[in-house]
Amino acid sequence: MPAIVFRSHADSAEQWGANLKTQFPDIDFRVWPDAGNKADIDTAIVWKPERGMLRQFPNLKMIVSLGAGVDHIFADPELPPGVPVVRLVDPWMANSISEYVALNVLRFHRDDPDYVRQQAERKWNALPLRETTQRTVGFLGMGFMAGDAAAKIKPFGFRIAGWSRTPKQIDGIDCHHGQDGLERFLGRSEFLVCLLPATPATVGIISAKTLAMLPRGAYLINCGRGAHTVEADVLAALDSGQLAGAALDVFRTEPLPADSPLWNHPKVFVTPHIAAQTNARTGAAVVAENIRRVRRGEPPRDAVDPAVGY
Ligand code: NDP
């Protein structure tokens, strides 16, 4: 029976080991760095593997990311060639992202930051309520996560726009793609939600240049990756009024350094990369299905394309 090597935090190893055991009672689950005989390992389940770790298993058949993004795996320049890298596609995680997106779109739409401030000042002042049907939520990245979030906020009446690498046609979504479609997409996105993967093509995409293409007074909701933003440009856009507010879950450096001006900026909501979290209970069922496929000799589901990095 081939073995699995797991690399993440110690408490998550315990949870994943227990949940995978419910799928495979006789599982051989080894926690890195105690991998035993490395030739036994056919599956690596990892979060932020250290450089050179994965090339040490000569019979590795699949590398599973413990997250929807795989940038933490491609950060290793010594990955074993030809071994499929699989991202975690867990509907529970997509639902968590949708909660985060809905929370922040609605709190900006309903001027919640102003009402919190007014309450602190004991000020009774009704601001005009805007119509959702006149406001567009634009998703940078129109994949699994964004698709779920778009479907869940659409019933409030918002217009939805999406931007992807390849052309798409999705009912009820104003779809744009590629560099040529970016400016038109940004020009209508009053709420810009980033759910892109971090790849060489998307790093730094939220910059002074692209922020200037948004309608004045737009809101930024970044639950993609910190590398997507040029943080100094986001701060400048907030200070100039080009951005009216930002909800940021991911940062260039995590944890966000104590001296970052983002922490106490009056227009910024900071959360510690929790828009979604990996869930051992729901995730183990998804991963187990892929382990079964690979052990039957079939290709895994949700393998990423190394050429594009997602
Ligand atoms: P998918 O692979 O399903 O979707 C990615 C989307 O981004 C696709 O629509 C893709 O286009 C688009 N895209 C990729 N590269 C480009 C490009 N160069 N130009 C334009 N569009 C591009 O991923 P998921 O939806 O599952 O996850 C997206 C990301 O969300 C993750 O990679 C991760 O960074 C982030 N995330 C953050 C979490 C958090 O807690 N903050 C939790 C989970 C995910 P196309 O459709 O044409 O391929």
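Every number in this text was worked out from the coordinates using simple rules, so none of it is lab data. All figures in this text were calculated on a predicted structure; none of them were measured in a lab. Every residue, glycine as well, gets a Cβ built from its backbone with ideal geometry; the counts of neighbours run over all protein chains shown.
Taking a Cβ cut-off of under 9 Å around residue 52, the surrounding Lys, Arg, Asp and Glu residues balance to a net charge of -1, with basic ones at +1 and acidic ones at -1. With the cut-off at 12 Å, report for segment 143-183 the share of all Cα pairs above it, as a whole percent. Distances greater than 12 Å cover 58 percent of the Cα pairs. Legend: calculated FRET efficiency, residue 156 to residue 183, from the Cβ-Cβ distance at R0 = 25 Å, rounded to 0.05, equals 0.40. Relative to a virtual label point 7 Å from the Cα of residue 59 in the Cα→beta-carbon direction, which members of segment 19-41 show backbone nitrogen distances below 20 Å? Answer for segment 19-41: 24-41.
Three principal axis extents of the chain based on alpha-carbon atoms, in descending order, are 67, 42, 33 Å. Report, for segment 91-270, the % of DSSP beta bridges that are antiparallel, rounded to 5. In segment 91-270, DSSP labels about 5 percent of beta bridges as antiparallel.
For segment 91-270, the dipole from Cβ point charges (+1 on Lys and Arg, -1 on Asp and Glu) about the Cα centre works out to 320 debye, to the nearest 20.
What's the Cα-based Rg to Rh of segment 115-204, Rh via Kirkwood?
Numbers: Rg = 16.0 Å, Rh = 14.5 Å.
A ratio of 1.10.
Based on alpha carbons, the Rg and Dmax found for segment 91-270 are 15.7, 50 Å. In plain terms, the C-alpha convex hull of segment 204-268 casts an average shadow of 3.8 nm² when viewed from every direction. The packing ranking, built from the mean of other Cβ atoms within 10 Å per residue, places the peptides 222-231, 252-261 in the order 222-231, 252-261, highest first. Hey, if you drop one equal point scatterer on each alpha-carbon of segment 182-310 and run the Debye formula without solvent, what base-10 log of I(q)/I(0) do you get at q = 0.14, 0.22 Å⁻¹? Log10 I(q)/I(0), no solvent term: -0.71, -1.27. Relative intensity of segment 112-153 on a log10 scale, I(q)/I(0) at q = 0.17, 0.30, 0.35 Å⁻¹, equals -0.68, -1.00, -1.15, per a Debye sum over C-alpha point scatterers of equal strength in the absence of solvent. Close lysine pairs were tallied over the chain: pairs 8 or more places apart or on different chains with Cα atoms under 28 Å apart number 13.
Please give the helix 231-240 orientation as an angle from the longest Cα principal axis of the chain, in degrees from 0 to 90, rounded to the nearest 10. Result, in degrees: 10.
Using R0 = 41 Å, the C-beta based FRET efficiency linking residue 296 and residue 203 works out to 0.65. Helical content alone sets the calculated 222 nm signal of the chain at -9500 deg cm²/dmol, taking -39,500 (n - 2.57) per DSSP H segment of four or more residues and averaging over every residue. Computed from label points 7 Å out along Cα-Cβ, the spacing between residue 270 and residue 125 is 2.7 nm. Between 0 and 90 degrees, rounded to the nearest ten: what's the tilt of helix 280-295 against the longest Cα principal axis of the chain? With rounding to tens, the tilt is 50 degrees.
Would you please name the chymotrypsin sites (Phe, Trp or Tyr not before Pro) within segment 242-296 that are DSSP coil residues with at most 12 other C-beta atoms within 10 Å of their C-beta? Don't jump to the answer; show the numbers that get you there.
Working: sites: 251, 263, 269; in loops: 251, 263.
Here the chymotrypsin sites (Phe, Trp or Tyr not before Pro) that fit, given the DSSP loop and packing criteria, are 263.
For segment 251-310, dividing the convex hull volume of the Cα atoms by the residue count gives 138 Å³ per residue.
Choose one of 240, 275, 187: the residue whose Cα lies farthest towards the positive end of the charge dipole of the chain (beta-carbon charges +1 Lys, Arg; -1 Asp, Glu; about the Cα centre). Of the listed residues, the answer is 187.
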